[in-house]
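Working notes, beginning with the structure itself.
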Amino acid sequence: MTAPFELTAIETGDGPRIVLVHGALGDYRQWAPIAGRLGARYRVAALSRRHHWPNGAPPADAPYTYEGHCDDLLAYLRATDHPVNLAGHSWGAGIVLLAALREPALVSRLILIEPPFASLLPQDTAGLEDELADRMSMVASLQRLALAGRNDEASRLLIDWTQGGPGGFAALPRDAQDALLQNAATVGPTFSAVPPHVDCDALRAMRTPTLVLNGERTRPFYRVVGERATACIPGARRTRIPGAAHMTIVERPEETAALMMEFLDSTST
């Protein structure tokens, strides 16, 4: 097992704590507009995961798994005095979900933005065959590019796919594009290991108040995973972010923050 990594964080605001975990190719900068808004009533910590800016890029043989990043997050959470609110986007949503499953006492409320676990998809999901085949083709192409050292191209390919097709990367704000490419060395490792198997039976045991957010224009893959997570987690809520595809937190930060705040405020005790 890899020793936990001391995560890089920026903090703002005052009040109950909320910890934000970014997705593939991200870092804590993606959360800045959202953290600024949540900081009006919450103590916000936005994290950069192991190997993501400003941390060092991953060595060629570095292990890069959901479980390892979850270990890092749990070590960070154990150092806090009280349970925290926990939010994650995309790959980060997978990490925070694993953390809530493994140590629920550390998490008071959970926000999953565009969760990615394909293991939640029903085997008989009609109409997703082409979507899943397209995703497998994209990942295979991405891995070939990464092995050839063409990480920037692989990163653009990934974001194009998550956003619905060619031009998705270029349509993001320029500062978001630049930050994604600063993490391009992580694109190969992100898909180097098989994701954990998280199924509906595991989620039915959860008792953490949970909000699932999907972009209004998101791909069917993320939409159906979000629907299934909501159906499986007792009492979970699901809301769509207007005008957003997969990269909600940089596409529609104001709307995303408002929905997060509404959930946090409505479930406060």
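List of remarks:
- Residue check, M206 of a type in the set (A, V, I, L, M, F, W, C), more than 17 Å from the chain's Cα centre (by Cα) and in a loop (DSSP other than H, G, I, E, B): yes
- Every residue from region 185-214 that is under 24 Å from M136 (Cα atoms) and polar (S, T, N, Q): T186, T190, S192, N214
- In summary, R238 fulfils each of the numbered conditions (1) assigned to a helix (DSSP H, G or I); (2) within 17 Å of V96 (Cβ to Cβ); (3) of a type in the set (D, E, K, R) with the single exception of condition (1).
- Taken over region 226-269, the criterion of being β-branched (V, I, T) and closer than 30 Å to S155 by Cβ is satisfied by T230, T239, I241, T248, I249, V250, T256.
- Whichever residue in region 68-94 is assigned to a helix (DSSP H, G or I) and in contact with a Lys or Arg (Cβ under 6 Å, 6 or more places away or on another chain) and, among such residues, is nearest to I233 (Cα to Cα): H69
- Restricted to region 104-201, the set of helices (runs of 4 or more DSSP H) holding at least 3 residues that are of a type in the set (D, E) comprises 129-147, 151-162.
- M206 meets each of the listed conditions (1) out of contact with any helix residue (DSSP H, G or I) (no Cβ under 8 Å at 6 or more places or on another chain); (2) modelled with pLDDT of 95 or more apart from (1).
- Residue within region 115-134 that is within 23 Å of P59 (Cα to Cα) and in contact with a helix residue (DSSP H, G or I) (Cβ under 7 Å, 6 or more places away or on another chain) present: no
- From the options L20, L97, residue that is under 21 Å from T267 (Cα atoms) and in a strand (DSSP E or B): L20
- Residues of region 25-53 that turn out to be under 14 Å from G92 (Cβ atoms) and either surrounded by fewer than 22 Cβ atoms within 10 Å (Cβ to Cβ) or not hydrophobic (A, V, I, L, M, F, W, C) (or both), as a count: 10
- For C70, the criteria (1) of a type outside the set (F, W, Y); (2) under 14 Å from W91 (Cβ atoms); (3) touching a helix residue (DSSP H, G or I) at 6+ places or on another chain (Cβ under 6 Å); (4) touching a residue at least 40 places away in the same chain (Cβ under 8 Å) hold in every case but one, which is (4).
- Residue check, D265 assigned to a helix (DSSP H, G or I), free of Cβ contacts under 8 Å to residues at least 24 places away in the same chain and more than 16 Å from the chain's Cα centre (by Cα): no
- Filtered residues of region 169-193 (kept if over 12 Å from V250 (Cβ atoms) and touching a helix residue (DSSP H, G or I) at 6+ places or on another chain (Cβ under 6 Å)): L181, A184, A185, V187, G188, F191
- First in region 139-161 and among the hydroxyl-bearing types (S, T, Y), second anywhere and not in a helix (DSSP H, G or I), Cβ under 8 Å, 6 or more apart: S155/L25; S155/F169; S155/N183
- Subset of region 241-263 that is among the hydrophobic types (A, V, I, L, M, F, W, C), closer than 22 Å to A100 by Cα and touching a helix residue (DSSP H, G or I) at 6+ places or on another chain (Cβ under 8 Å) - its residue that is surrounded by the most Cβ atoms within 10 Å (Cβ to Cβ): I249
- Among the residues of region 129-149, at least one is over 23 Å from G68 (Cβ atoms), surrounded by 18 or more Cβ atoms within 10 Å (Cβ to Cβ) and in contact with an Asp or Glu (Cβ under 9 Å, 6 or more places away or on another chain).
- Options R217, R207; residue that is surrounded by fewer than 19 Cβ atoms within 10 Å (Cβ to Cβ), of a type in the set (D, E, K, R) and within 20 Å of E131 (Cβ to Cβ): R217
The values are calculated or read from the model by the stated rules, or taken from the named source; none is laboratory data. Remember, it's a predicted structure, so these values are computed and weren't measured experimentally. Neighbour counts run over all protein chains shown; Cβ positions are idealised from the backbone, glycine included.
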